[in-house]
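One structure is given below, encoded as structure tokens.
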Amino acid sequence: MELPLVYVLNGPNLNMLGMRQPEIYGQATLDDVEQICIQNAEQAEIAIDFRQTNDEGELVSWIQECRGRAKGIIINAGAYSHTSIAILDALLSVELPVIEVHISNIYRRESFRHHSYVSQAAMGVICGFGLQGYALALAAIANLILEEDS
Ligand code: CA2
């Protein structure tokens, strides 16, 4: 039986994880994030497509690509979360369950990070739990997909 596919999309500067600002984002790298996702997807019996881009348009294209292919989207859109109506529109257009993740607690940071356009398209938001947020998001989306299919 084919496992349901979930896209795990990461936005700008997340490729820099582990290289700078460890006091905010920790020591782990994006490869470590991917490994956590692979392990937790296996446990949750879902397949994942894990990607990162610094390009807003590419994120929009990847979200559009999910239509008819994926059962859900986990997205850390990085700083585009706070600015991008294009990403919000793409997420709304695909009509899939979306979970938003942020490594840091965006509400304990600068006020410009307190609003996220992505949240408007999300079933739920996980922030402030570091890389563990991706594991939590995978468990949550697996449940949502199970509920939808039953
Ligand atoms: O906390 C998160 O996951 C964020 O989405 C990370 C974004 C930030 O703009 C959001 O407000 C919250 C930043 C991506 C990581 O940027 C780095 C920059 C330098 C070194 C390491 C990471």
The stretch 81-108 - residue that is open to solvent by 50 Å² or more (accessible area, probe 1.4 Å) and either assigned to a loop (DSSP other than H, G, I, E, B) or charged (D, E, K, R) (or both) and, of those, nearest to the ligand (Cβ to nearest atom): 105
Of the conditions (1) within 16 Å of the ligand (Cβ to nearest atom); (2) without any contact (Cβ under 8 Å) to a residue 60 or more places away in the chain; (3) not aliphatic (A, V, I, L, M), residue 12 clears all except one; give me its number. (2)
Name the pairs: first residue in the stretch 23-34 and surrounded by 14 or more Cβ atoms within 10 Å (Cβ to Cβ), second residue among the β-branched types (Val, Ile, Thr), Cβ to Cβ under 6 Å, at least 6 apart or on different chains? 25/103
So the check is Cβ under 8 Å with 6+ separation or different chains; which pairs have a first residue in the stretch 56-69 that's on the phi < 0 side of the Ramachandran plot and at pLDDT 95 or above and a second one that's open to solvent by 90 Å² or more (accessible area, probe 1.4 Å) and not in a helix (DSSP H, G or I)? 67/95
Return the total of residues in the stretch 39-60 being within 16 Å of the ligand (Cβ to nearest atom), open to solvent by less than 40 Å² (accessible area, probe 1.4 Å) and either over 23 Å from residue 144 (Cβ atoms) or assigned to a strand (DSSP E or B) (or both). 2
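So which residues in the stretch 133-145 are without any contact (Cβ under 8 Å) to a residue 60 or more places away in the chain and open to solvent by 40 Å² or more (accessible area, probe 1.4 Å)? First the steps, then the outcome.
First, the residues of the stretch 133-145 that are without any contact (Cβ under 8 Å) to a residue 60 or more places away in the chain: 133, 136, 140, 143.
Result: 136, 143.
Quick grid of which residues meet (1) within 25 Å of residue 88 (Cα to Cα); (2) in contact with a Cys (Cβ under 8 Å, 6 or more places away or on another chain); (3) in a helix (DSSP H, G or I); (4) more than 9 Å from the ligand (Cβ to nearest atom):
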residue: 28; (1), (2), (3), (4): no, no, no, yes
residue: 34; (1), (2), (3), (4): yes, no, yes, yes
residue: 37; (1), (2), (3), (4): yes, no, yes, yes
residue: 62; (1), (2), (3), (4): yes, no, yes, yes
residue: 68; (1), (2), (3), (4): yes, no, no, yes
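Could you check the stretch 117-128 and list, in sequence order, the residues that are closer than 19 Å to residue 14 by Cα and open to solvent by 10 Å² or more (accessible area, probe 1.4 Å)? Give the derivation first.
Of the stretch 117-128, the ones closer than 19 Å to residue 14 by Cα are 117-119, 125-128.
Scanning the stretch 117-128 gives 117, 119, 125, 126, 127, 128.
Out of all the residues in the stretch 70-80, which are part of a strand (DSSP E or B) and of a type in the set (A, V, I, L, M)? Steps first, please.
Pass one, the stretch 70-80, residues part of a strand (DSSP E or B): 72-76.
If the condition is that a residue be part of a strand (DSSP E or B) and of a type in the set (A, V, I, L, M), then 73, 74, 75 are the ones that fit.
The values are calculated or read from the model by the stated rules, or taken from the named source; none is laboratory data. The model shown is predicted, which means the values in this text are computed figures rather than measured ones. Cβ atoms come from the backbone with ideal geometry, glycine included; neighbour counts cover every protein chain shown. Quick note on the areas: whole protein, heavy atoms, side chains included, nothing else; ligands and nucleic acids left out. Shrake-Rupley method; radii C 1.70, N 1.55, O 1.52, S 1.80 Å.
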